Amino acid sequence: MIELDNLAYSYGGGELLSEISLRLAPGSFHFLTGPSGAGKTTFLKLCYGALVPTSGDVTLFGQDVRSMGRNDMALMRRRIGVVHQDCQFLDHLPLVENIALPLMVSGRDVAAEAQNLDDLIAWCGLSHRKHALPPELSGGERQRAALARAVIMSPEVILADEPTGNVDWEMSQRLLQLLVELNKMGKTVMIATHDLALIRAAKSRVQTRVLRIANRRLHLAGADL
Ligand SMILES: Nc1ncnc2c1ncn2[C@@H]1O[C@H](COP(=O)(O)OP(=O)(O)OP(=O)(O)O)[C@@H](O)[C@H]1O
């Protein structure tokens with residue numbers, strides 16, 4: 001699905017990621033951790049083609065990102081749902097329209113998808129907030145809405161960047177449970193987080209691999225986490 005082969009990524013400030021190889025198997029559940037500024041968000045962007053590596057290869061569903069045109073990229077982005085760190089809502093649109101945005105952008109008939117949309121919003125526990133504007137939502141509601149928008153296109157892979165940032169423990173458990181349920185439905189999940197307690201909590205619910213970025217390299221974290 002997602003394959004990174006000897007990837008390096010540099011920007012004006014120097015090399016951020018180096019000698020990184022990884023193959024995300026279908027149905028796997030990964031955590032990505034590491035110090036602030038280590039490159040977790042950058043790594044996720046490389047995994048969904050928002051960034052191209054400086055050297056090495058990124059292959060998404062069998063296709064090299066460098067060979068992807070605009071259409072290929074649009075099709076691929078339907079297969080990878082992304083929960084952004086800052087949610088990235090359009091503040092003037094109610095929650096239900098924000099969640100439906102990927103459907104609209106891809107030209108799907110939103111009216112025909114109304115039931116699916118309602119079911120997804122209910123699954124995320126947001127039915128009572130569907131007409132609220134993003135600035136009116138709590139942190140936990142925003143994070144669940146961001147997750148709903150990431151999965152509205154039924155992607156095969158979900159990449160979540162700090163999906164439990166700025167929420168309390170109870171809400172982080174609820175969000176984790178949604179991601180575990182998606183994984184049990186067969187979705188491949190990768191969560192970038194600083195929250196080691198969240199990772200420990202996940203280990204009792206799902207088989208997971210913990211990756212850590214440190215000193216530009218990707219390491220498999222030990223069982224002592
Ligand atoms: N294209 C770029 N131009 C300038 N700086 C960049 C670029 N790409 C990455 N960086 C820098 O590289 C560092 C890594 O950023 P990134 O957001 O990937 O780290 P992170 O591990 O997700 O951090 P956090 O845990 O704080 O969210 C940051 O200092 C960022 O500013």
Among the candidates Ser204, Ser154, residue that is under 24 Å from Thr59 (Cα atoms), modelled with pLDDT under 95 and small (Gly, Ala, Ser): Ser154
Condition check for Leu93: under 19 Å from Ala148 (Cα atoms), not basic (Lys, Arg) and not in a loop (DSSP other than H, G, I, E, B): no
Number of positions in the range 66-105 that are under 19 Å from Leu46 (Cβ atoms), among the hydrophobic types (A, V, I, L, M, F, W, C) and free of Cβ contacts under 8 Å to residues at least 12 places away in the same chain: 1
Any hit, the range 67-81, residues being at pLDDT 95 or above, of a type in the set (A, V, I, L, M, F, W, C) and within 16 Å of the ligand (Cβ to nearest atom): no
Single unsatisfied condition, Ala132 versus (1) modelled with pLDDT of 95 or more; (2) closer than 25 Å to Arg212 by Cβ; (3) not charged (D, E, K, R): (2)
Pair list, Cβ under 6 Å, 6 or more apart: the range 35-54 residue touching a residue at least 12 places away in the same chain (Cβ under 8 Å), other residue within 11 Å of the ligand (Cβ to nearest atom) and of a type in the set (D, E, K, R): Thr41/Asp161; Leu44/Asp161; Leu51/Lys45
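Go through the range 152-168 and give me each residue that's in a strand (DSSP E or B) and within 16 Å of the ligand (Cβ to nearest atom).
Quick first cut of the range 152-168, residues in a strand (DSSP E or B) only: 157-161.
Once the filter is applied, which keeps residues that are in a strand (DSSP E or B) and within 16 Å of the ligand (Cβ to nearest atom), the range 152-168 yields Leu159, Ala160, Asp161.
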Only one of Thr54, Thr42, Thr59 that is within 12 Å of the ligand (Cβ to nearest atom) and over 27 Å from Leu175 (Cβ atoms): Thr54
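Table: residues versus (1) away from the ligand (no atom under 16 Å from the Cβ); (2) surrounded by fewer than 18 Cβ atoms within 10 Å (Cβ to Cβ).
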| residue | (1), (2) |
| --- | --- |
| Ser10 | no, yes |
| Ile20 | no, no |
| Phe31 | no, no |
| Gly34 | no, no |
| Gln63 | yes, yes |
| His92 | yes, yes |
| Leu95 | yes, no |
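Table: residues versus (1) touching a strand residue (DSSP E or B) at 6+ places or on another chain (Cβ under 9 Å); (2) closer than 24 Å to Arg77 by Cβ; (3) part of a helix (DSSP H, G or I); (4) away from the ligand (no atom under 16 Å from the Cβ).
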{"position": "Asp109", "(1), (2), (3), (4)": "no, yes, no, yes"}
{"position": "Ala145", "(1), (2), (3), (4)": "no, yes, yes, yes"}
{"position": "Glu170", "(1), (2), (3), (4)": "no, no, yes, yes"}
{"position": "Val189", "(1), (2), (3), (4)": "yes, yes, no, yes"}
{"position": "Ile199", "(1), (2), (3), (4)": "yes, no, yes, no"}
{"position": "His219", "(1), (2), (3), (4)": "yes, no, no, no"}
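Output yes when any residue across the range 112-133 is closer than 14 Å to Gln88 by Cβ and buried (at least 16 other Cβ atoms within 10 Å of the Cβ), and no when none is. Write out each step before concluding.
Looking only at the range 112-133, we keep the residues that are closer than 14 Å to Gln88 by Cβ, and these are none.
Checked the range 112-133: no residue is closer than 14 Å to Gln88 by Cβ and buried (at least 16 other Cβ atoms within 10 Å of the Cβ).
The values are calculated or read from the model by the stated rules, or taken from the named source; none is laboratory data. In this text, all values refer to a predicted model and were calculated from it rather than measured experimentally. Backbone-built Cβ (ideal geometry, glycine too); neighbour counts: all protein chains shown.
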